[in-house]
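Right, one structure below, let's go through it.
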């Protein structure tokens, strides 16, 4: 049994790759302090620039909570970008509670872009999208639109995607969805605004953007890793102690060894559904 790679890292070296509402971490901060343990470690991947920084793949709330609580170190599951078992999928956004016309007008005002209506019946796999196509969206009347950008470089496209999300994150209610057509969700929401389909990115592209300080819209990436370290319940006091990171990692190895020797670790080789979360 090969265990996931666990390592204690400086909190200041953990970078989010999507922009994030820090207020979402406040309830978790209180829960962490009350529980006294880090139940599930964030998943991170090292940047390739030699800076010692890591991109948070999963666990933005936990990472932000630890920063807010002034913890110097965090216990993380470290995964290399080319690791077998790491997959990047994506979410789209479904919006409701805002007038579709207002959304379209706001997106149309974004500089260096062109929003135009297209035939909603055209189905083109996203891997075949032209490079300058940023989003595909559909309104409740089943009219479809694409937004195209003048910048064709990765950085320019990502910055415009952030501006797209800024037009609606505080105006409309938002859910993540795998749906790509309004017909897939129109019976699940009232006062629908639109469904917005985002382009796919590769892991390497997101690492580049993250290292450059460019954040993607919230909730459009979905990383999965196998195996995943869960229910670690590592004592938070050990992360706060005034010790070097080398000392803390040595203590972590001993702690994991004790768990292994006492058969306190269970490995699931198949997809597992937990009912006590």
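Laboratory data are not the source of any read-out in this text; all were calculated from the coordinates shown. Just so it is clear, the structure is predicted and the values come from calculations on it, not from any experiment. Cβ: placed from backbone, ideal geometry, glycine included. Neighbour counts: every protein chain shown.
Some notes on this structure:
- Solvent-free Debye calculation, one equal scatterer per alpha-carbon of region 92-197: log10 I(q)/I(0) at 0.11, 0.12 Å⁻¹ equals -0.30, -0.36.
- Cα long-axis angle, helix 26-35 against the chain (0 to 90 degrees, to the nearest 10): 20 degrees
- Efficiency of FRET from Cβ geometry, residue 49 and residue 202, R₀ 22 Å, rounded to 0.05: 0.85
- Spacing of the two label points (7 Å from each Cα toward its C-beta) at residue 118 and residue 37, in nm: 5.0 nm
- Between residue 84 and residue 128, the modelled label-to-label distance comes to 3.2 nm, taking each label 7 Å out from Cα in the direction of the beta carbon.
- Subtracting the Cα-Cα distance of residue 187 and residue 267 from their residue separation scaled by 0.36 nm leaves 24.8 nm.
- Descending by average beta-carbon neighbour count within 10 Å, the peptides 72-78, 30-36 line up as 72-78, 30-36, the highest first.
- Added length on full extension, which subtracts the Cα-Cα distance from 0.36 nm per residue, residue 19 to residue 251: 80.2 nm
- Sequence ranges 181-191, 95-105, ranked by mean other-Cβ count within 10 angstrom, highest first: 95-105, 181-191
- Projected label distance in nm at residue 166 and residue 102, using a 7 Å step from Cα toward the beta-carbon: 1.9 nm
- Per residue convex hull volume, Cα atoms of region 107-164, in Å³: 83 Å³
- From most to least packed by mean Cβ count within 10 Å, the peptides 219-225, 240-246 give 219-225, 240-246.
- Contour minus Cα-Cα distance for residue 228 and residue 5 (0.36 nm per residue): 79.3 nm
- D_trans [Stokes-Einstein, Kirkwood Rh over alpha-carbon pairs] for the chain, 25 °C, 0.890 mPa s, µm² s⁻¹: 119 µm²/s
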